[in-house]
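*Asks:* Take this structure, written in structure tokens, and hold onto it; I'll ask about it next.
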Amino acid sequence: MLDRFHSSDVQINEDLNFSSLVSNPELLKGLTESGYQRPSPIQLKTIPLGRLGLDLIAQAKSGTGKTVVFSVIAIESIISALSKASSTAVQQDQQPRAVILAPTREIAVQIQDVILNLVRAGLKETITCHSMIGGMPIHKDKENLRRCSIVVGTPGRVRSLIDTGHLRTSQVRLLVLDEADKLMEEVFKDDVFAIAKGLGSQKQVMAFSATYDDDLLSQLDHLVKNPVYVMLSNGTPELADETQKSSSVFMRQTHLMEAKFAALEALLTHVPFYQAIVFLNHRSKAADLVKFLTRKGWPAMHIASGISQEERLAVMDKARKFELRVLVCSDLIARGIDIDRVNMVVNLDLPKDPETYLHRIGRTGRYGTAGLAVSLVHDAELRTVEILRQDFGITIQELSADDNTYVDLHQHSKNRHHERPLKVPEDQEQFIKLEAERIAGQQRGDTDDVIAGTQDDSRVENQQHDLAMAKRPARQGKKSKKKRRVIRDETEHSPLTPEQTPPVAGLAAESAPRVDEDVSGPSDIDHDALQGDDGYEPLLNEEAVDPPYPYQYQYQYPQYPHNAYATSSTNAPAA
Ligand SMILES: Nc1ncnc2c1ncn2[C@@H]1O[C@H](COP(=O)(O)OP(=O)(O)OP(=O)(O)O)[C@@H](O)[C@H]1O
């Protein structure tokens, strides 16, 4: 039976639960206690293949449960390996057996949390998992590596731990690349290939993402030998039931940021939501926006790569605990981040490419729930909207340019997106508290809506932005020359039914060792400068301090015209 609050993206037709996919009872208990009853389509199709030890390249829409796929495979593969070892060896075993790479520190920490939850119910003595990320003290990683079966980390840090011999690789039999297309970009590629080489040839490699383009897929082919492809979205991986709208919003011609901030505030006030993520391209504006929102009573904070890692983790923690209503950020958290109560995403600027657009809006509507994504679009950005729509087939509707803008959005969200209840009474109480604080704060701040220091007199340079978007090959009609074994959505079945899945886990490669192709040698890039996430700061400002960056151009806010447009999307729940 369809769950009322989950869309078709995460529903399976088969009458199955995780016991059909997972053999270890403690892991099953961990899945249940984490709230996972029935597998999603990507879990159903991919877990059996991964447990066989096959190399995989998997694609499924944002928020459909890819983390559980590779976490389960990693845990089962380790349990299987340990069951074959003698009990003394098991007791003495303290070496890493799986390495999971993610492009940002925040994603790595999130994956670690998922794994720790899964092993909590009886496996925590057997399976240890630590995140090893840039910006945190390396001596802690060295200590943790004395006993760590699963390493989750960012490429720069993991590579330097391997290079210095602190991360012993002789027992590692599984390498996972989360957000694999991102990890194949220039900024990470050398490190990822060096890690793959350092882990030796007897390993299973699995790659996951919501988006791949053909160039990046070709790069992956050098790393993942003979993979089975599980690709669950044909064409653009938009979430189900998305209808997108855009609307004109009156703003003044000058004081661009002031106008966008005001439009955002009106949006937050008119459209019901629990938590929102607001994306900006300039990190220097993030602090201004937080100041503005706080003055208006909104509990808001920002996260970007310019702040310390401890602060970044603290901000994420507050967002997850529902102590914030608005999280302002750069593309640092455009991918992978899963914050349960976020049901609105706002693009204050459009992102640099269509993939980032899809990843950003995928921060809401998680696991088939309802969500709303709104882009506040300037006249000069309309071309980018057209590119997203026409070349990449992303549905973005325009809202009427009249006073009904917010009424429309309100109706839209009132009928669908906001009907999802908060899950627990504590959340409801917290929501009421935050709303009361906001109203009080708003009353205080109403007399003072001049935003200090946000006036922007930069020139119109967003043609470069359009150009970058336009230069990307259109998704439709794009065909890979290479023949691939591809499993697509519900119409195609995995070659293996769950019943056929043998109790092997991850180590099939041992019987059929592969020889890795030559991979790049050590890069001369400073590992600690990269730390996994600098690829997320494409649009720099004078405050930026951590080179190198992969993007050459600098986008500046254009001058503001008389009107602006908002684009939005909703991912409504299944009826
Ligand atoms: N079988 C399941 N049943 C219920 N909830 C699930 C299940 N699997 C995953 N989830 C939940 O779905 C949400 C999204 O999962 P996850 O972060 O793994 O998605 P993802 O596919 O990796 O997304 P992204 O592409 O954005 O990284 C999480 O909150 C997770 O707890």
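The values are calculated or read from the model by the stated rules, or taken from the named source; none is laboratory data. Predicted model, so just to flag it, every value in this text is computed and none were measured. We place every Cβ from the backbone using ideal geometry, glycine too, and count neighbours over all the protein chains shown.
*Asks:* Could you tell me which of the residues Val10, Val69, Val114 is more than 24 Å from Phe193 (Cβ to Cβ), within 12 Å of the ligand (Cβ to nearest atom), in contact with a helix residue (DSSP H, G or I) (Cβ under 6 Å, 6 or more places away or on another chain) and modelled with pLDDT of 90 or more?
*Replies:* Val114
*Asks:* Of the residues in region 98-126, how many are surrounded by fewer than 24 Cβ atoms within 10 Å (Cβ to Cβ) and in a loop (DSSP other than H, G, I, E, B)?
*Replies:* Within region 98-126, residues that are surrounded by fewer than 24 Cβ atoms within 10 Å (Cβ to Cβ) and in a loop (DSSP other than H, G, I, E, B) number 7.
*Asks:* Here's another thing I want to ask about it. Among the residues of region 384-400, are any within 16 Å of the ligand (Cβ to nearest atom), at pLDDT 80 or above, over 19 Å from Ala259 (Cβ atoms) and not small (Gly, Ala, Ser)?
*Replies:* no
*Asks:* Gly393: under 23 Å from Glu179 (Cα atoms), surrounded by fewer than 24 Cβ atoms within 10 Å (Cβ to Cβ) and not charged (D, E, K, R), yes or no?
*Replies:* Values: under 23 Å from Glu179 (Cα atoms): yes; surrounded by fewer than 24 Cβ atoms within 10 Å (Cβ to Cβ): yes; not charged (D, E, K, R): yes.
For Gly393, the condition - under 23 Å from Glu179 (Cα atoms), surrounded by fewer than 24 Cβ atoms within 10 Å (Cβ to Cβ) and not charged (D, E, K, R) - is met.
*Asks:* Quickly run through region 323-340 and pick out the residues that are assigned to a loop (DSSP other than H, G, I, E, B), more than 9 Å from the ligand (Cβ to nearest atom) and not hydrophobic (A, V, I, L, M, F, W, C).
*Replies:* Glu323, Arg325, Ser330
*Asks:* Is it the case that region 134-149 has a residue that's buried (at least 24 other Cβ atoms within 10 Å of the Cβ), touching a Leu at 6+ places or on another chain (Cβ under 8 Å) and hydrophobic (A, V, I, L, M, F, W, C)?
*Replies:* No.
*Asks:* When both residues are 6+ apart or on different chains and their Cβ atoms are under 6 Å apart, which pairs have a first residue that lies in region 361-379 and is near the ligand (Cβ under 8 Å from one of its atoms), and a second that is at pLDDT 75 or above?
*Replies:* That search, which allows pairs on different chains as well, returns Gly362/Ser62; Gly362/Gly63; Arg363/Ile277; Arg363/Val342; Arg363/Val345; Arg366/Gly63; Arg366/Asp338; Tyr367/Gly63.
*Asks:* Take region 34-60 and flag every residue that is near the ligand (Cβ under 10 Å from one of its atoms), assigned to a helix (DSSP H, G or I) and either in contact with a strand residue (DSSP E or B) (Cβ under 8 Å, 6 or more places away or on another chain) or closer than 19 Å to Val119 by Cα (or both).
*Replies:* Ile42, Gln43
*Asks:* Let me ask something else. Going by the conditions given, is Arg97 among the basic types (Lys, Arg) and within 16 Å of the ligand (Cβ to nearest atom)?
*Replies:* Values: among the basic types (Lys, Arg): yes; within 16 Å of the ligand (Cβ to nearest atom): no.
No.
*Asks:* Hey, could you check region 360-369 for residues that are in contact with a helix residue (DSSP H, G or I) (Cβ under 8 Å, 6 or more places away or on another chain) and surrounded by 24 or more Cβ atoms within 10 Å (Cβ to Cβ) and say which is farthest from Thr67 (Cα to Cα)?
*Replies:* It comes out as Arg360.
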